[in-house]
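J.: I have a structure I would like to understand better, so I am pasting it below and will then ask my questions one at a time.
The values are calculated or read from the model by the stated rules, or taken from the named source; none is laboratory data. For clarity, every value in this text was computed on a predicted model and none was experimentally measured. Cβ: placed from backbone, ideal geometry, glycine included. Neighbour counts: every protein chain shown. Only protein heavy atoms, including side chains, enter the accessible area calculation; ligands, DNA and RNA are left aside. Shrake-Rupley method; radii C 1.70, N 1.55, O 1.52, S 1.80 Å.
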Amino acid sequence: MAISEAEKVVEAFKVNFRDEWLAMMQRKLGLIGNDDGDQQLIWDLLEWMSSSGADYTNTFYLLSNFNILSHSFYNKPQFLSWYERWESRLQRIEVNQSEAQNMMKKYNPVYIPRNHKVEEALDAAEDKGDFSILENFLNVLSQPYEETSGDSSFMEPRPDGMSDYKTYCGT
């Protein structure tokens, strides 16, 4: 009896998680309402991002500004095909660009605490007693959804050649 109850809870969690994940991703892409093709549209973007090495945060940020195609990295046939499907989906829900953009900006941060930037700030504070980088970093992160006129380096992904960074619980 306890096992069947536990199985029901686990199954309900799977369904709830899938539905909440889909709703979150729809908001990140400015998609209002449900469309049978949304999940595939989302998976196709995520698969392209993974295979091309696209930065997750920056991709969604650039999409939310509707200026992603001005970046040469995204002018690739597979992405352009996906982009056309996304635009078509936005047109089907008859949402204007401003409405979609406002929703997307609520769910797509400009800045995240990237490990290499955290290390840089901590190293400067610990090794040199220079807390200015840390203070600037914390200032930028205090409003992660607002583009500041500060240092755009906080948007930059890990530099090429830098090894994968391992984090542990509590970091």
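J.: Out of curiosity, is TYR74 within 17 Å of the chain's Cα centre (by Cα), open to solvent by 80 Å² or more (accessible area, probe 1.4 Å) and of a type in the set (Phe, Trp, Tyr)?
T.: no
J.: Going by the conditions given, is ALA100 under 26 Å from LEU63 (Cβ atoms), at pLDDT 85 or above, among the hydrophobic types (A, V, I, L, M, F, W, C) and touching a Leu at 6+ places or on another chain (Cβ under 7 Å)?
T.: Against the criterion (under 26 Å from LEU63 (Cβ atoms), at pLDDT 85 or above, among the hydrophobic types (A, V, I, L, M, F, W, C) and touching a Leu at 6+ places or on another chain (Cβ under 7 Å)), ALA100 qualifies.
J.: Hey, among the residues in segment 3-61 that are in contact (Cβ under 8 Å) with a residue 60 or more places away in the chain and small (Gly, Ala, Ser), which one's nearest to PRO109 (Cα to Cα)?
T.: Going through the qualifying residues, I end up with GLY30.
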